[in-house]
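S.K.: Can you keep this structure in mind? I'll have questions shortly.
Quick note: the coordinates plus some simple rules give every number you see, no bench work behind them. In this text, all values refer to a predicted model and were calculated from it rather than measured experimentally. No Cβ is skipped: glycine too gets one built from the backbone with ideal geometry, and neighbour counts run over all protein chains shown.
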Amino acid sequence: MKIKKILALMLAIVCIFSFAACGDNNQPAVDSDDESSTLGLEDGEDIEIVKAKATVANVSGKDAVSLLARKSGTSEWSDNVLSQDYLHADMAVELSYNAGENNVYDLRLVFEDGTYQDFTNIDLSSGQPVYYLGKTE
């Protein structure tokens with residue numbers, strides 16, 4: 001009889017820890033360090049998001065304090081996507097995006113003096129190794 005009680009107690013403990021590990025399933029779990037991430041859907045299916053990368057270079061001749069992005073054809077700009085304080089002239093930065101989607105973006109370089117320069121309809125998935133933002137000589 002004592003063994004049955006101990007087994008029942010152990011089973012209850014395992015169940016409690018199993019429920020606690022489930023957490024909040026409404027929030028997607030995305031690990032930005034991986035090349036791909038898996039999101040748990042409410043119906044129990046999983047989808048894989050494959051991250052792709054593109055390099056953009058500032059060849060404008062001026063230091064940029066922010067780089068904004070938006071899907072082409074939309075009106076809302078993103079927050080600053082730079083991970084550093086400046087994108088200096090003749091420097092480049094790598095951007096990550098979801099592969100397999102419509103990846104045509106508008107990019108905006110904002111400079112120290114408050115002016116900006118827009119670059120429209122850039123297809124990040126076109127396979128170019130570097131996208132040059134600014135005057136090209």
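S.K.: Step through the residues of segment 91-98 one at a time and calculate ³J(HN,Hα) from phi using the Karplus curve (6.51 cos²θ - 1.76 cosθ + 1.60, θ = phi - 60°), rounding each to whole Hz and writing x for Gly and Pro.
M.R.: Values per residue, Gly and Pro as x: 10, 10, 9, 9, 10, 9, 8, 7 Hz.
S.K.: What is the local net charge at Ala69, summed over the other residues whose Cβ is closer than 12 Å to its Cβ (Lys, Arg +1; Asp, Glu -1)?
M.R.: -1
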